[in-house]
Amino acid sequence: MIGMVTGLINYLKVVKYMFKYSLDNKRYHTLNYFYRQKFGCKIAKISLDGNFSCPNYQNGNGCIFCSNGSGNNLKIIPLIDQFNEIKKQMLKKWPNSKFIGYFQANTNTYAPVDELKQKYESILKQKDVVGLAIATRCDAITDECLDYLTELNKRTFLTVELGLQSIHDKTLKLINRGHDLKSFETMVKKLKERNIFVVAHIINGLPYETEQMMLDTVKYLNKLQIDGIKIHMLHIIKNTPLAKLYAKKPFHILTKQEYINIVCNQLELLDERIVIERITGDPIKEELVAPSWLLKKFCVLNDIDKEMVKRNSYQGKKISI
C-alpha cells in the first residue's frame, strides 16, 4: 500500500512538471497558456490581409511551395471590415476575449514605413486590441522599419514572425527561399536586442531532408533563443513549382506517422520556454496535391498528444542532447 501511494505521488510530480506550460493537458508550451499568463484572459488572434506583396515573389517567382503569395487573399475587403467581421465571430465563441491583430498574408513589412504605420495603427485603435503579430521575412525589414517596430513594441505586445523553413542552405536554395541562414540569424539578433518577441516558422518534410536535418533545425533555434515556433508539414499545392517538381521527380512525402514521430522528437529537443504556436498545417482541400492526411488537422493534433503520452514525454525532455 505504501509503495502504491509513493508511486502515485511520484507520478503526480511528473505530470505537474510535464504540464507546466499548458492549461489543456498538452505536453508542450501552448500559446493559450502563454496568453493567459500574460494577459489574464482569452486572447483571440484575428488574421488579416493587409494587401502586402512579397519581395521574393516579385523578384524571383517566390518559394517553390507558394501559390501567388501566402495568406488569406482578402485584399478586396477593407482592413477594418476584415477585423470587425472576424471579431464578431470570435466574440460568439469567447465573449470576454481580447484580441491580437495578426497581419498574416504575404510579407507584412514589405512597404514604406508610412504605409505600415497607417495599417498597424488602425488595428491598434480598435477596442480590446492588446497587440499585433506581424508575419514577414528576414530580408524585408529595413533599418527604418526596425526603428518603428522598436517604438511600437514599447506601446503594445508585438510579435514578429520570420519564415525560416530550414537551417540548411542547400534546402533554402532548392526551395528558392531568397535568403540564407545567416540573414535569418542576423535579423533575429536585431529583433531580440530590441526585446521584440520572435517566432520562427519551420517546415518538416522539405524535399530530400532527413529527420536528423529537421531535428538540427530545432536545435539551432534553441541556441538562437527564439520565443516561439510554428511547425508546418510540407504540403504540395496545385500549379506551384513544387507541384511541377514532384510530378517530374517524385520525392518522399512524410507519412502521418513519420510526421508525428518527428514532431514529438522536435518537441523533446525544444527549450520548454519556447511557445509552440502551431504544430501542423491547414491546407485547402481543393488546392491540395499531397499529403491527403493533412486535411484531418485535429486527428494529427490528437495523435501527437497520444504519442507524447505513450512516450511519457514532454517538451524539453531531451534538451541536453
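Brief remarks on what is shown
- Qualifying residue in the range 163-182 (condition: more than 30 Å from L245 (Cα to Cα) and either of a type in the set (S, T, Y) or surrounded by fewer than 18 Cβ atoms within 10 Å (Cβ to Cβ) (or both)): no
- Selection of the range 40-56 for residues being in a strand (DSSP E or B) and either of a type in the set (K, R) or more than 15 Å from N84 (Cβ to Cβ) (or both) yields I43, K45.
- Selection within the range 270-317 - assigned to a helix (DSSP H, G or I) and over 27 Å from I236 (Cα atoms): M308, V309, K310, R311
- So K98, is it of a type outside the set (A, V, I, L, M, F, W, C) and exposed (fewer than 14 other Cβ atoms within 10 Å of the Cβ): no
- Note on the range 104-121: residues that are closer than 16 Å to N59 by Cα and surrounded by fewer than 19 Cβ atoms within 10 Å (Cβ to Cβ) amount to 1.
- Candidates L164, L132, L181, filtered to the one that is in contact with a Gly (Cβ under 7 Å, 6 or more places away or on another chain) and modelled with pLDDT of 95 or more: L132
- Subset of the range 128-155 (residues that are surrounded by fewer than 16 Cβ atoms within 10 Å (Cβ to Cβ) and in contact with a strand residue (DSSP E or B) (Cβ under 8 Å, 6 or more places away or on another chain)): D128
- Across the range 307-319, not a single residue is classified as among the acidic types (D, E) and either surrounded by fewer than 16 Cβ atoms within 10 Å (Cβ to Cβ) or at pLDDT below 95 (or both).
The values are calculated or read from the model by the stated rules, or taken from the named source; none is laboratory data. Since the model is a prediction, treat every value here as computed from it, not as a measurement. All Cβ positions, even for glycine, are placed from backbone atoms using ideal geometry, and neighbour counts span all protein chains on display.
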